[in-house]
1. I'd like the full set of residues that are surrounded by 11 or more Cβ atoms within 10 Å (Cβ to Cβ), out of contact with any helix residue (DSSP H, G or I) (no Cβ under 7 Å at 6 or more places or on another chain) and at positive phi, limited to the chain.
2. Using the structure shown, decide if residue 13 is among the polar types (S, T, N, Q) and in contact (Cβ under 8 Å) with a residue 40 or more places away in the chain.
3. Taking residue 48 as the residue in question, decide whether it is assigned to a helix (DSSP H, G or I) and of a type in the set (A, V, I, L, M).
4. Tell me which residues, restricted to segment 27-41, are of a type in the set (D, E, K, R) and modelled with pLDDT of 90 or more.
5. Quick one: how many residues across segment 21-41 are under 27 Å from residue 9 (Cα atoms) and assigned to a loop (DSSP other than H, G, I, E, B)?
6. Six or more apart or on different chains, Cβ atoms under 6 Å: show the pairs whose first residue is in segment 30-42 and closer than 19 Å to residue 20 by Cβ and free of Cβ contacts under 8 Å to residues at least 24 places away in the same chain and whose second is surrounded by 10 or more Cβ atoms within 10 Å (Cβ to Cβ) and of a type in the set (A, V, I, L, M, F, W, C).
Amino acid sequence: MYIVIDAVKEGRSRIIKMYEKGNFLDCDGNNIPNEHLKGKRENDKWLVGSDQVLN
């Protein structure tokens, strides 16, 4: 359990970047409307290092 927590804190994990209202962002920082995500496996969600989200 602590191995996973340490990996997240150190930025060795990836987390999907979200806007403060809970909407997902693309790599340009633009909001992705929910209707563009429904029923799709591939999308433009922005993956960032976990240390970027926690700091």
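The values are calculated or read from the model by the stated rules, or taken from the named source; none is laboratory data. The structure displayed is predicted, hence computed values, not measured ones. Methodologically, a virtual Cβ is constructed for each residue, glycine included, from the backbone with ideal geometry; neighbour enumeration extends over all protein chains shown.
1. None; the set is empty.
2. When the stated conditions are applied, residue 13 does not pass them.
3. Taking the combined requirement at face value, the residue does not satisfy it.
4. Selection gives 28 alone.
5. Qualifying residue count, segment 21-41: 9.
6. 32/24
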